[in-house]
1. Return the lysines within reach of Lys60: Cα separation strictly under 30 angstrom, same-chain partners fewer than 8 residues apart disregarded; answer none if there are no such residues.
2. Give me the number: length gained by fully extending Leu78 to Ile2, i.e. 0.36 nm times residue separation minus the C-alpha to C-alpha distance, one decimal in nm.
3. Would you list, by chain and number, the lysines whose Cα falls below 20 Å from the Cα of Lys28, excluding same-chain residues fewer than 8 positions away?
4. Please give the calculated 222 nm ellipticity per residue for the chain, where each DSSP H segment of at least 4 residues contributes -39500 (n - 2.57) and the sum is spread over every residue; nearest 500 deg cm²/dmol?
5. Once you have a ≥ b ≥ c as the square roots of the Cα gyration tensor eigenvalues for segment 19-155, tell me rounded if a/c is under 1.5, and otherwise prolate or oblate according to whether a/b is larger than b/c.
Amino acid sequence: MIIAHAPSGYILATSIMGRVASVAVSAKAIVAAGIVGALAPDFDMVYFHVIDNRQTHHHKYLSHWPIIWLTLATASALWFGYARQSKAAILSLVLCVGGVLHVVLDSFVGDIWWFAPFIDQPYAMFTVAAGFKPWWLSFILHWSFAVELAICIWALLIYRGRSNHSLLARRP
């Protein structure tokens, strides 16, 4: 995924909001946690470019290991189950589920080491052939980019629907 991580985090967060209405946490905080979580595994790009000099596939880094995000999401779910009114617990859960969502979406056309650190084998549902330079052009011209655009459009429709609903609710 290139452009759909933040929109996917937004979709995730808005789908969770109704289910956790009993927790006194703002919708903005939940949306922020969802978006940050969905982007978080790619924070390793700083290390990838600045320190590693692009020598190691950044999906091999700890920040892209599914076991990390699944463990954090499970711990956050247990925390939220124990402390149902905790703002920090629900925000942690949304953020960590966003991280899980990120690695799942990256598995669509990008290699993810699903069994790291135990097995050094990447997995991807589909492969994008490196047919163009620069590399990202291969992704944008691949059919899978339509899925990314669909995720972006879906998030935009949710946003517009929520904005229109908010405007209607404010009218006297």
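Quick note: the coordinates plus some simple rules give every number you see, no bench work behind them. Owing to the predicted nature of the structure, the values given are computational and were not obtained by experimental measurement.
1. Lys133
2. Gain on stretching Leu78 to Ile2: 24.2 nm.
3. Lys87
4. Helix-only estimate at 222 nm: -20000 deg cm²/dmol.
5. Details: a/c = 2.25, a/b = 1.64, b/c = 1.38.
The shape class here is prolate.
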